[in-house]
1. At 222 nm, what value in deg cm²/dmol follows for the chain if DSSP H runs of at least 4 each add -39500 (n - 2.57) and the sum is divided by all its residues, to the nearest 500?
2. How compact is segment 12-140 by the rule of thumb for globular proteins, expressed as Cα Rg over 2.2 N^0.38 Å?
3. If all Cα-Cα distances of segment 260-307 are sorted into 10 Å bins from 0 onward, what percent lands in each bin, rounded to whole numbers?
4. Evaluate the Kirkwood expression for the hydrodynamic radius of segment 302-349, namely the inverse of the mean inverse distance over all pairs of different C-alpha atoms, and round to one decimal in Å.
5. Kindly write out, for segment 335-351 in residue order, the coupling ³J(HN,Hα) from the Karplus curve 6.51 cos²θ - 1.76 cosθ + 1.60 (θ = phi - 60°), rounded to whole Hz, with x marking Gly and Pro.
6. If r is the Cβ-Cβ distance from Glu188 to Glu156 and R0 is 25 Å, what FRET efficiency results, to the nearest 0.05?
7. In cubic angstrom, how much convex hull volume per residue do the alpha carbon atoms of the chain span?
8. Within the chain, how many lysine pairs that are 8 or more places apart, or on different chains, have C-alpha atoms less than 29 Å apart?
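Nothing in this text is a laboratory measurement; each read-out follows from the coordinates by a stated rule. If you're wondering where the values come from, they're calculated on a predicted model, not measured in any experiment. Ideal geometry is used to build each Cβ from the backbone, glycine not excepted, and the neighbour counts take in all protein chains shown.
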Amino acid sequence: MHEAVSIDPPPHRVLLVDDQPMIGEAVRRMLADERDISFEFCGEAEQSIAVASVFGPSVILQDLVMPGINGLDMVRRFRAMPATSQVPIIVLSGREEAVVKAQLLDAGANDYLVKLPDQIELIARIRVHSDAYRRMLERDAAFAALEKSLADLERERQKSERLLLNILPKTIADRLKDGDGSIAESFERVTVLFADLCGFTEFSQHVEARQVVEMLDEVFSSFDHLAQAHGVEKIKTIGDAYMAVAGLPVPRDDHAQAVAAMALGMLESFRGVMQSRGLSMEVRIGIHSGPVAAGVIGRHKFSYDLWGDTVNLASRMESHGEPSRIHVSQVTRGLLEPSFVFADRGEITIKGKGTMQTSFLLGRG
């Protein structure tokens, strides 16, 4: 058995619209020996658009005088239809008329021949116009492909930027994109917050992994929303712990106030999540203010982090705190009074720091 051979359609596709079948037959014979030309005849103007839509001509030969419609209107009709709006139109006329030719060209026709034209000239003009049309289609296709590629590239750029902004503050991400390969800075006045879920370890041992992830996602998403609302930078999550800071990478005078307001919101939002899920866990929050060093570490996986005694003390405020309470240092309390209300915790022993006076943040003043 012979394999089927795929034959490409002829590159030049000619549609003749003429109410005289004799003209159609004459043109058919002129083009019969041209293997690169396929021919279709339409004898009624009203059907020509439908025929063109199915046949897909690369050149339209159109009679100037058709029953019920003149050549100008016919050209305009072809130009108004998406299927034929760009297809070259060669108008065939019984005689040379300069004024009519000018009107036709102005209406969108591409060429004008007195019928019946010379065979060699007709074939040459068909090929010239058809080749120009095909080149235009190829350019349009290439341009469309380029536009799609650019759109895809822009979508990927936006996706990458969103991912970058999920792990880095915007100003830091912008600096990295601008080529700043080493970002390390000192900030004298910031407020650091740590939060930890009490009872999480026991909870995670008795439920499916999906439930653990869904619960953490809901809790931390609510914390993220509060951070954004108060202009606080989320730094990271580690297991069931959450870390955030205000006062960097853009310094602000009200860094302690922003973190305190966020912490109060965290207590409320956490209770709401627990109630909706029928759980009894609590959250413990610690806050301290002071100087820190901050920077980006990593080359393949970026991380923006903080270092220094302030970070360590904020972590101690959390770990030495109590469930459902916000434990703050005296430094932070001094920055917040009298706008916020506190309860004295008294003196506690902090590992590596000795005895410290601390307080619980109760609310706004």
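1. -15000 deg cm²/dmol
2. 0.95
3. Histogramming segment 260-307 at 10 Å steps yields 20, 29, 28, 23, 1 percent.
4. 12.4 Å
5. For segment 335-351, the Karplus-derived couplings read 6, 9, 5, x, 6, 10, 9, 10, 10, 5, 8, x, 8, 9, 8, 9, 4 Hz, x marking Gly and Pro.
6. The computed FRET efficiency comes out at 0.05.
7. Enclosed volume per residue, from the Cα hull, is 309 Å³.
8. For the chain, the number of qualifying lysine pairs is 21.
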